[in-house]
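A.B. asks: Here it is, the structure in full.
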Amino acid sequence: MKSIFKISLVLFSLISFTNTTQAQNKIKWISWEDALEAQKKEQKKILVDIYTEWCTWCKKMDKATFQKDKIATFVNKNFYAIRFDAETKRDIDFNGQTYKYVRNGRKGYHELAVAITQGHLSYPTVVFLDEELSVIQPIPGFQDEKTFEMIMTYFSGDFYKSEPWGSYTRTYKTNPNVHTVSH
């Protein structure tokens with residue numbers, strides 16, 4: 001009986017440690033307000049994950065891509081990350097304008113989600129903003145870990161300014177740490 005108790009205690013400790021370790025490597029999602037405030041202190045690019053509660057592909061991307069250690073670590077280091085429910089009903093002030101929820105039938109959408117996706121709202125969409133809060137590019141649809149690694153390094157390293165995406169993907173080499181780009 002004592003040995004079963006000891007084994008249970010050891011297993012519980014291992015599970016608790018594993019869960020704590022994983023939680024530390026998740027993306028630190030912040031609100032629009034917190035990102036804009038942080039931007040005043042230290043300018044970084046902003047990554048916006050546009051999702052809805054009912055979107056199956058959004059949940060899949062969260063689990064298969066955003067919860068991967070190397071993705072989370074890289075995003076936390078290089079971006080302010082905002083998880084933005086495109087159906088939120090609260091007003092958001094951004095770039096001198098107040099954006100609101102718009103009812104559309106039984107559901108609705110948020111004007112800011114439409115604005116930063118440049119009128120092409122779909123779920124999921126990840127939008128990259130530069131340090132001056134201008135949209136670099138919205139990336140619609142589910143992105144797997146490998147593809148998202150290329151996308152986030154393309155934007156964080158400013159490669160988008162001088163190199164076409166097709167050329168970048170042909171010469172990109174996956175980096176196990178993703179802290180530096182082997183390009």
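The values are calculated or read from the model by the stated rules, or taken from the named source; none is laboratory data. If you're wondering where the values come from, they're calculated on a predicted model, not measured in any experiment. Positions of Cβ are backbone-derived with ideal geometry, glycine not excepted, and every protein chain shown enters the neighbour counts.
A.B. asks: Examine the stretch 149-157 for a residue that is within 21 Å of W54 (Cβ to Cβ) and touching a His at 6+ places or on another chain (Cβ under 8 Å), and state whether such a residue exists.
C.D. replies: The answer is no, given that none of the residues of the stretch 149-157 is within 21 Å of W54 (Cβ to Cβ) and touching a His at 6+ places or on another chain (Cβ under 8 Å).
A.B. asks: All but one of (1) at pLDDT 95 or above; (2) surrounded by 12 or more Cβ atoms within 10 Å (Cβ to Cβ) hold for T98; state the number of the condition that does not hold.
C.D. replies: Of the numbered conditions (1) at pLDDT 95 or above; (2) surrounded by 12 or more Cβ atoms within 10 Å (Cβ to Cβ), the odd one out for T98 is (2).
A.B. asks: Return the residues of the stretch 58-75 that are surrounded by fewer than 15 Cβ atoms within 10 Å (Cβ to Cβ) and touching a residue at least 24 places away in the same chain (Cβ under 8 Å); say none if nothing qualifies.
C.D. replies: Result: K60, D69.
A.B. asks: If you don't mind, there's one more thing I want to ask. Taking the condition within 26 Å of M150 (Cα to Cα) and either within 14 Å of the chain's Cα centre (by Cα) or surrounded by fewer than 19 Cβ atoms within 10 Å (Cβ to Cβ) (or both), does D49 pass?
C.D. replies: Yes, satisfied.
A.B. asks: Out of F142, F74, F128, F148, I need the residue that is in a loop (DSSP other than H, G, I, E, B), hydrophobic (A, V, I, L, M, F, W, C), modelled with pLDDT of 95 or more and closer than 26 Å to Y172 by Cβ. Which one?
C.D. replies: Going through F142, F74, F128, F148 in turn, the sole match is F142.
A.B. asks: Here is a further query. Filter the stretch 110-148 for residues that are within 24 Å of A38 (Cα to Cα) and acidic (D, E) and give the result.
C.D. replies: Residues satisfying the conditions are E111, D130, E131, E132.
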